[in-house]
Amino acid sequence: MLVTSERPRSISTNSMVTPSAMMVAGVDVKGGTKKVVFQVQANGTYTNQGYVTNPILYVTNSAGNVIATVDDWASGPSSFDGTYYQASFLSELTSSKFAMKGSKESAIVLNLPEGSYTALVGSNGETAKAVVAAFAFE
């Protein structure tokens, strides 16, 4: 995904995740700091279609440092770097069109300066499908 000042874009990808293999998706932010939402759509969104029931999301910066970890989206991140995340972002996410359908799915809003970021999706021990998506949060 490329988020620019001219036109924000979004991307999603669908893949299998296993206990030993995570799904990986990259995001580039250009044109200044942008608010971006990451979602892991799974069994809550795609009920009974072979999707993971309890995904976990890790977001890393270009140095490979984990800047946020989210298991159950409505609980907020289990760990985060305060440079990118503020507690008010959870209520913004909850009241937005990006709120997740399933309580065990993962989502987070981050304020990202220009750079490259990676979303890693784990399965909490399952082998199943998942979708990871990133959107400009407006």
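A few comments on the model shown:
- Residues of region 8-24 that turn out to be surrounded by fewer than 17 Cβ atoms within 10 Å (Cβ to Cβ), assigned to a strand (DSSP E or B) and in contact (Cβ under 8 Å) with a residue 60 or more places away in the chain, as a count: 8
- Of all residues assigned to region 25-44, none qualifies as being open to solvent by 70 Å² or more (accessible area, probe 1.4 Å), out of contact with any strand residue (DSSP E or B) (no Cβ under 7 Å at 6 or more places or on another chain) and either of a type outside the set (Asp, Glu) or farther than 16 Å from Thr127 by Cβ (or both).
- Condition met for Thr53 (of a type in the set (Val, Ile, Thr), at pLDDT 90 or above and in a strand (DSSP E or B)): no
The values are calculated or read from the model by the stated rules, or taken from the named source; none is laboratory data. Just so it is clear, the model here is predicted, and its values are computed rather than measured. Cβ coordinates were reconstructed from backbone atoms using ideal geometry, including for glycine residues, and neighbour counts include every protein chain displayed. With ligands, DNA and RNA removed, areas are computed over all heavy atoms of the protein, side chains included. Shrake-Rupley method; radii C 1.70, N 1.55, O 1.52, S 1.80 Å.
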